[in-house]
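Undergrad: Take a look at the following structure, please.
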Protein chains: 2
Amino acid sequence: MIDDELLELMKERWTVRKFLDRDVPEEELDKILEAGRWAPSGGNKQPWELVIIKDREKRDKVAEIYSEAMGLKGRSKRYTTPPILIAVCIDTRVRDSYPDEMPADFIVYASVGSMVQNMMLMAAELGLGLSWGTQPKRVQKELKELLDIPEHLEIPDILQLGYPDQERYSSSRKELDDFVHHDSVMVD
Amino acid sequence: MIDDELLELMKERWTVRKFLDRDVPEEELDKILEAGRWAPSGGNKQPWELVIIKDREKRDKVAEIYSEAMGLKGRSKRYTTPPILIAVCIDTRVRDSYPDEMPADFIVYASVGSMVQNMMLMAAELGLGLSWGTQPKRVQKELKELLDIPEHLEIPDILQLGYPDQERYSSSRKELDDFVHHDSVMVD
């Protein structure tokens with residue numbers, strides 16, 4: 001691979017919110033999961049579990065829980081249209097195992113960010129969209145019941161995976177000079 | 001780019017802890033920063049600032065602060081050998097701007113994880129090592145003074161960047177079956 005191609009892939013990845021009614025081949029899903037599997041994590045603890053949700057009823061229920069919590073009318077297309085939802089679960093036992101002096105939330109959540117980014121890049125490479133979907137705290141209990149998730153896991157996010165059913169829109173970023181400093185922040 | 005090559009890159013990336021005394025070309029550093037720049041973040045808020053630390057005295061001081069806090073003898077090679085350290089700062093004003101009902105820590109820290117993962121993949125592609133280095137909470141004040149970092153930023157991590165001065169070691173991962181579930185966690 002060439003670094004230019006890698007950068008292009010990173011720039012081309014985008015957040016899909018409406019998906020085609022078209023299945024994702026098992027082989028492609030496996031590639032995406034395998035990409036996530038190899039992400040780094042604090043102490044290589046891999047403090048995550050993933051629940052692949054393909055069941056139509058469960059997907060509708062996720063959409064309903066989310067839409068109700070956010071005060072939306074009807075079920076959010078963001079959760080009803082993708083053929084696959086992926087609940088990202090965090091093992092709170094790993095988070096709670098760090099000494100008080102370490103920023104345990106940061107370690108665990110940034111690790112999950114690395115893992116999801118690997119999956120997103122692989123999805124983009126395969127022409128698929130994989131998008132973040134943060135869950136409000138008040139739906140934790142309902143989601144856990146729906147997916148039979150044990151007490152020690154929390155579900156901060158439900159990803160959406162599928163083929164895009166919308167035109168790619170452009171998304172801007174800060175310039176490097178706006179967030180990169182040299183040796184000191186104040187004197188820049 | 002081909003998905004096999006992308007997966008290979010993800011598998012080949014590793015955590016370097018000892019670095020050669022060899023400068024990183026400006027052009028390579030820019031490519032790594034540019035990769036980070038295009039990462040996704042919650043609401044595209046890009047809640048990060050980066051401080052590139054090349055100054056020898058400041059790098060030694062970072063090593064000293066870290067080693068003292070961790071009760072290590074001498075200065076940690078992990079921070080003295082790399083030619084570049086990158087302090088990852090988080091804008092706490094972004095984190096504090098979310099409604100109570102949203103998991104703000106998760107959104108902000110997972111976004112930073114995505115950004116760093118992009119940088120790590122680009123570094124690996126260029127034959128460089130870029131490694132996480134979480135900072136204990138008690139050194140926040142000293143680090144902020146050293147780098148003139150304003151009150152609203154926190155510094156959970158200082159990355160290390162350079163060419164490896166050690167053999168690559170292998171690192172294992174859980175099998176997919178160990179952390180991937182289907183439609184429900186309990187019934188798997």
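The values are calculated or read from the model by the stated rules, or taken from the named source; none is laboratory data. Computed from a predicted structure; not experimentally measured. Every residue, glycine as well, gets a Cβ built from its backbone with ideal geometry; the counts of neighbours run over all protein chains shown. Areas reflect the complete protein model, heavy atoms only, side chains present, ligands, DNA and RNA absent. Shrake-Rupley method; radii C 1.70, N 1.55, O 1.52, S 1.80 Å.
Undergrad: Ignore the peptide's own chain and count Cβ atoms of other chains within 10 Å of each Cβ in A:37-48; give me the average, rounded.
TA: Numbers: counts 10, 9, 7, 12, 3, 3, 1, 5, 1, 5, 1, 3.
Mean shielding count: 5.
Undergrad: Straight distance only, please: which lysines reach the Cα of B:Lys144 with their own Cα at less than 18 Å, same-chain residues fewer than 8 apart left out?
TA: B:Lys54, B:Lys58, B:Lys61
Undergrad: Starting from the amide H of B:Leu130, placed 1.01 Å from N in the peptide plane, find each other amide H under 5 Å away whose residue is 5 or more places distant or on another chain.
TA: Amide H to amide H, under 5 Å and 5 or more residues apart or across chains, B:Leu130 pairs with B:Val16.
Undergrad: In a shell of Cβ-Cβ distance under 12 Å around A:Pro136, excluding A:Pro136 itself, what net charge do Lys and Arg (+1) and Asp and Glu (-1) give?
TA: Details: positive: A:Lys137, A:Arg138, A:Lys141; negative: A:Glu68, A:Glu142, A:Asp157, B:Asp100, B:Glu101.
Result for the local shell: -2.
Undergrad: Restrict the search to segment B:86-173; then list the trypsin sites (Lys or Arg not before Pro) that DSSP places in a loop and that have at most 14 other Cβ atoms within 10 Å of their Cβ. It would help to have the intermediate numbers written out before the result.
TA: Details: sites: B:Arg93, B:Arg95, B:Lys137, B:Arg138, B:Lys141, B:Lys144, B:Arg168, B:Arg173; in loops: B:Arg168, B:Arg173.
Passing both the DSSP loop test and the Cβ count: B:Arg168.
Undergrad: Here is a further query. Ignoring any ligand, DNA or RNA, what whole percent of the accessible area of segment B:22-163 comes from carbon and sulfur when the probe is 1.4 angstrom?
TA: On the way: 2320 of 5040 Å².
Result for segment B:22-163: 46 percent of the exposed heavy-atom area is carbon or sulfur.
Undergrad: Also: Run the label-point distances for A:Met186 please: 7 Å along Cα to Cβ, every other copy, nanometres, shortest first.
TA: Copy-to-copy label distances at A:Met186, shortest first: 5.7 nm.
Undergrad: How much accessible area per residue does segment A:22-163 have, in Å², with a 1.4 Å probe? Don't skip to the answer; put the middle values down first.
TA: Values: 5040 Å² over 142 residues.
Averaged over the residues of segment A:22-163, the accessible area is 35 Å².
Undergrad: Turning to a different aspect of this structure: Are there chymotrypsin sites (Phe, Trp or Tyr not before Pro) in segment A:93-188 that DSSP marks as loop and that have at most 11 other Cβ atoms within 10 Å, and which are they?
TA: On the way: sites: A:Phe106, A:Tyr109, A:Trp132, A:Tyr169, A:Phe179; in loops: A:Trp132, A:Tyr169.
Sites meeting the loop and neighbour criteria: A:Tyr169.
Undergrad: Along Cα→Cβ at 7 Å, what distances in nm separate the B:Asp55 label point from those on the other copies, shortest first?
TA: Once sorted, the set of distances for B:Asp55 reads 5.9 nm.
Undergrad: Using the Karplus equation 6.51 cos²θ - 1.76 cosθ + 1.60 (θ = phi - 60°), what ³J(HN,Hα) coupling, rounded to whole Hz, does each residue of segment B:162-168 give in order, writing x for Gly and Pro?
TA: x, 8, x, 10, 7, 6, 5
Undergrad: In square angstrom and rounded to 100, what buried accessible area do you get between chains A and B, total over both, with the probe at 1.4 Å?
TA: So the buried area, both faces added, is about 7700 Å².
Undergrad: Calculate the FRET efficiency for A:Ser184 and A:Glu68 from the Cβ-Cβ distance with a Förster distance of 35 Å, rounded to the nearest 0.05.
TA: Working: r = 48 Å, r/R0 = 1.38.
After rounding, the FRET efficiency stands at 0.15.
Undergrad: Averaged across B:81-92, how many Cβ atoms of other chains sit within 10 Å of each residue's Cβ atom? Don't jump to the answer; show the numbers that get you there.
TA: Details: counts 0, 0, 0, 0, 1, 1, 3, 2, 3, 3, 1, 0.
Mean partner shielding for this stretch: 1.
Undergrad: Would you give the gap between the C-alpha center of segment A:123-188 and the C-alpha center of segment B:1-48, rounded to a whole Å?
TA: 18
Undergrad: Continuing with the same structure: Top mean-square fluctuation among B:Met115, B:Met70, B:Met102, Gaussian network model of chain B, C-alpha springs under 10 Å?
TA: For chain B, modelled as a Gaussian network with Cα springs under 10 Å, the answer is B:Met102.
Undergrad: If you don't mind, there's one more thing I want to ask. Could you work out the helix-only [θ] at 222 nm for chain B, with each DSSP H run of four or more residues adding -39,500 (n - 2.57) and the total divided by the number of residues, to the nearest 500 deg cm²/dmol?
TA: Working: 8 runs with 77 residues, N = 188.
It comes out at -12000 deg cm²/dmol, rounded to the nearest 500.
Undergrad: Mind grabbing the accessible area of B:Asp96 for me, 1.4 Å probe, Å², rounded to tens?
TA: The accessible area of B:Asp96 comes to roughly 110 Å².
Undergrad: Which cross-chain or sequence-distant (5 or more) residues have an amide H under 5 Å from the amide H of B:Asp165, H modelled 1.01 Å from N in plane?
TA: Residues meeting the amide H criterion: B:Lys18, B:Phe19, B:Leu20.
Undergrad: Also: For segment B:78-90, just list the computed ³J(HN,Hα) in residue order, Karplus coefficients 6.51, -1.76 and 1.60, θ = phi - 60°, integers in Hz, with x standing in for Gly and Pro.
TA: So the Karplus estimates, Gly and Pro as x, are 4, 10, 8, 7, x, x, 9, 10, 10, 6, 8, 10, 10 Hz.
Undergrad: A further question follows. Just which residue of chain B brings its Cβ nearest the axis of rotation onto chain A, and by how many angstrom, rounded whole?
TA: Result for the axis mapping B onto A: B:Gly113, 1.
Undergrad: Note the distances from A:Thr92 to each other copy's matching label point, with points 7 Å along the Cα-to-beta-carbon direction, in nm, sorted shortest first.
TA: Between copies, matching label points for A:Thr92 lie 2.4 nm apart.
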